Structure formats: structure tokens, C-alpha cells
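The values are calculated or read from the model by the stated rules, or taken from the named source; none is laboratory data. Since the structure is predicted, the reported quantities are computational estimates derived from the model, not experimental observations. Note that each Cβ is placed from the backbone with ideal geometry, even for glycine, and that neighbours are counted across all protein chains shown. The accessibility values were calculated without ligands, DNA or RNA, using every heavy atom of the protein model including side chains. Shrake-Rupley method; radii C 1.70, N 1.55, O 1.52, S 1.80 Å.
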Amino acid sequence: AMPTVAVVGRPNVGKSTLVNRILGRREAVVEDVPGVTRDRISYEASWAGRRFLVQDTGGWEPDAKGLQQHVARQAEVAMETADAILLVVDATVGATATDEAAVRKLRRSKIPVILVANKVDDQKVEIEAATLWSLGLGEPRMVSAAHGRGTGDLLDDVLAAL
Ligand code: GDP
Ligand code: MG
């Protein structure tokens, strides 16, 4: 079976935009309104001649209620079953309490986790992105999913983790 790379993180950090960038086509739904992706959706992707599934998830939040609880649970299933995880955070915001809660959850599993600092559209944001070392997941891989900056290097790292 093809390995699965799950893309997880809190709402609005750019998970679906990153999934589309990895696919090289616009298939995952990107929205300014959080909470559009309700389930786990897998798409076939390839990079450097290797094929894998990339799984988009809805925004993960601790202590979610109602529909958001369903969304969060689906993201948790993705975190528990993937072969590698991309934890996406918004570099323009920095580490939030929700990001820290996601890190604690992911630390309990043995699945490799790559920290993605998204929205690094220019060098100015790189300085803010460097503060994300504080999450304890190692080097934040700086990307701009919207512009494609850094995503090739990220995919090289993803393949190395699979
Ligand atoms: P999701 O909720 O995590 O799936 O986030 P989306 O992919 O739907 O994106 C949420 C918002 O962030 C949208 O308005 C995107 O256009 C925007 N966004 C995503 N990636 C980037 C990026 O690299 N740079 C900037 N400036 N905005 C981005
Ligand atoms: Mg989304």
C-alpha cells in the first residue's frame, strides 16, 4: 500500500493550501472560514518518482464541542494511522496553546512528525518562524504554501521520513 502523510494542525494555518501545493493541483478546499474540511480526505501525490497519499484534515483543537469535536476526532485518527505527520503552524502568529497541545498529543506516538512553519511568504517572517523551535519538534521547515516557497525541500524531508 502507498504510505500516507497526514497534514494536521489548528484551523486556518494553511493545511489545505499545503495539500494543494503538494498535489500540484487545486483539489483540497481552501477557505478563509475555518472548519471547511470536516473529514480526512486522501489524495494521491508523487514527488521525486515516489507515490504516496497526502491526507488533508480539518482543524484540530483540544476540547472541541459539537461538529468541531467530530472534526478533531477525524484529525486524531489521521495522527494515529499515518506513516508521517506534517504539523502545520502559522509562522505569522507563532506557537499558540493549541499548537502546544497538538505537540503533546503527537509526542505520545512513534510516527515521525515534521514541523511546518507556513505562511513564510518572505524573509521577514523567517525571523518569527525561528521562534517555533520552542515547540520542541526540531527545526521548523519554513514554507509558503501559497507561493510554493520551500515546499520542494519539505517534500524531500517527507520522503526521507517515510
Ligand atoms: P486550513 O484551515 O488549515 O486548511 O487553511 P487553508 O488552507 O484553508 O488556508 C487558510 C487561509 O490561509 C486562506 O486564506 C489561505 O489563502 C491562507 N494561506 C494559506 N497558506 C498561506 C501562505 O503560505 N501564506 C499566506 N500569506 N496565506 C496563506
Ligand atoms: Mg482545510
* So which residues in region 129-158 are closer than 17 Å to Val19 by Cβ, among the hydrophobic types (A, V, I, L, M, F, W, C), within 16 Å of ligand 1 (Cβ to nearest atom) and crowded, with 19+ Cβ neighbours inside 10 Å? -> Val143, Ala145, Leu154, Leu155
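Listed residues Arg26, Arg21, Arg51, Arg10; which is farther than 26 Å from Lys110 by Cβ and touching a residue at least 40 places away in the same chain (Cβ under 8 Å)?
Numbers: Arg26 fails: touching a residue at least 40 places away in the same chain (Cβ under 8 Å); Arg51 fails: farther than 26 Å from Lys110 by Cβ; Arg10 fails: farther than 26 Å from Lys110 by Cβ.
After applying the criteria, what remains is Arg21.
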* To do: Mind listing whichever residues of region 113-153 are in a loop (DSSP other than H, G, I, E, B), in contact (Cβ under 8 Å) with a residue 24 or more places away in the chain and either touching a strand residue (DSSP E or B) at 6+ places or on another chain (Cβ under 8 Å) or among the hydrophobic types (A, V, I, L, M, F, W, C) (or both)?
  => Lys119, Val120, Asp121, Leu137, Glu139, Pro140, Val143, Ala145, Ala146, Gly150
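Look at Arg73 and say whether it is at pLDDT below 95, open to solvent by 70 Å² or more (accessible area, probe 1.4 Å) and not small (Gly, Ala, Ser).
On the way: at pLDDT below 95: yes; open to solvent by 70 Å² or more (accessible area, probe 1.4 Å): yes; not small (Gly, Ala, Ser): yes.
Yes: the conditions hold for Arg73.
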* Considering region 112-123 alone, what residues qualify as being within 12 Å of ligand 1 (Cβ to nearest atom) and open to solvent by 30 Å² or more (accessible area, probe 1.4 Å)? -> Lys119, Asp121, Asp122
* Structure fact -> Exactly one of Asp99, Asp83 is more than 15 Å from ligand 2 (Cβ to nearest atom), touching a Leu at 6+ places or on another chain (Cβ under 9 Å) and open to solvent by less than 60 Å² (accessible area, probe 1.4 Å), and that one is Asp99
